[in-house]
Structures are given as C-alpha cells and as structure tokens.
Amino acid sequence: MVDKIARTRRAAGAADTLETLRADALYDLVVNGGGRGVTVELQVAVPYTVLLGANLGGTLDGYGPVPNITIRELITDHDTSWRRILTDPIGKVLEVSTRRHPGADLTRHIRLRDHTCRFPGCHRPAKSCELDHTTPHSHGGSTSAPNLGALCKLHHKLKTQPGW
C-alpha cells in the first residue's frame, strides 16, 4: 500500500525520490491516521550482534538501513506490534519469529487496564503475566488492545490445551 501511494504521488508530479515518498506515505498512514482501518506491518531485520550491544542498526524492509534509535522507536512508540527477524552482521536471515510482539506502550496499556490475570478467580498481578491474543494471530487476530489480555503463565498454557 505504501508503495502504491508513493507511486501515485510520483505520477501526480511529486519531485521527491520514491524512497522519500514511501517514507511520507508510511508516516501519513501510521502517525497521521490516514490509514484508519489499515493494518501496517513493518519488518525490520536486525543483526543478532545488536542484542549484544553492537550499534549496527538494522534494515527496514522496502526502505533500507535504519539506526538503532529508530528501531527502538518503532517497537516502543505508538500502539505497535513487531516481529523479530534476526540476521548475521552481513544480513543473512538466521531466525524469524513466528510470534508478533506488542510494543512497550501497548504492553503497559494492557497491564494497567487488566490489573490481574483475566482468568476467573486468579489474582496474579498483570505485571507478572504474559499477554495473550484472545483470537490467535494465526487465526487472523490482531496484536491490538481489544484482542490482548493478561494471563498468568499457568492460565496462558491452560488455554492452549486441547479441549479448551
């Protein structure tokens, strides 16, 4: 969608580079609310050495290299979710997470909203709980506030058992 918007703007006479037009389109969709009802998934490939403290940055799919500070902003700002893609320092993909992870702001919101584990009768504090997709992501559930809830480790595991 971002590429389509950028190419439409280019065809309409915009003088900026396609990369700049894509960045502007993405900004408009995510930050300015121009994409209400639109789901955007950013894929950022990060060398595993970044987890060890290296300051190498990563690669934003469809855009190019991005510094560590931008990666941190993408996974902590706004109401975002993210998927981990680890690479070696030259960019070869080593692992792609099958899970989508809520960003820090969304995690904080869910834990403040729920106070405790959502399982009936459980009073374990939400701050020590895992976040669970009510409708699993693999079945079309979004990583968003209406579809996430705090479940303690025991009840989260119980929910995944056959017959639940």
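The values are calculated or read from the model by the stated rules, or taken from the named source; none is laboratory data. Values in this document were obtained by computation on a predicted structure and should not be read as measured data. Cβ: placed from backbone, ideal geometry, glycine included. Neighbour counts: every protein chain shown. What goes into the accessible areas is simple: the full protein's heavy atoms, side chains included, and nothing from ligands, DNA or RNA. Shrake-Rupley method; radii C 1.70, N 1.55, O 1.52, S 1.80 Å.
Does ARG113 meet the test of being within 29 Å of MET1 (Cβ to Cβ) and either modelled with pLDDT of 85 or more or out of contact with any Leu (no Cβ under 8 Å at 6 or more places or on another chain) (or both)? Taking the combined requirement at face value, the residue does not satisfy it.
Pick from ASP61, ASP79: which is of a type outside the set (A, V, I, L, M, F, W, C), modelled with pLDDT under 70 and open to solvent by 50 Å² or more (accessible area, probe 1.4 Å)? Result: ASP79 is the single residue among ASP61, ASP79 that is of a type outside the set (A, V, I, L, M, F, W, C), modelled with pLDDT under 70 and open to solvent by 50 Å² or more (accessible area, probe 1.4 Å). Take LEU158 and tell me if it is at pLDDT 85 or above, open to solvent by 100 Å² or more (accessible area, probe 1.4 Å) and in a helix (DSSP H, G or I). Answer is no for this residue. For SER97, indicate whether it is polar (S, T, N, Q) and within 26 Å of GLN43 (Cβ to Cβ). Criteria met by SER97. Listed by first and then second residue, the pairs linking a residue in region 136-148 that is more than 17 Å from GLY103 (Cα to Cα) to a residue that is at pLDDT 80 or above and open to solvent by 20 Å² or more (accessible area, probe 1.4 Å), with Cβ atoms under 8 Å apart and 6 or more places separating them unless they lie on different chains, form an empty list.
Residues in region 109-146 that are surrounded by 16 or more Cβ atoms within 10 Å (Cβ to Cβ), over 17 Å from ARG83 (Cα atoms) and polar (S, T, N, Q): 1 in all. Scanning region 127-146 for residues that are outside any helix (DSSP H, G or I) and on the phi < 0 side of the Ramachandran plot returns CYS129, GLU130, LEU131, ASP132, HIS133, THR134, THR135, PRO136, GLY141, SER142, THR143, SER144.
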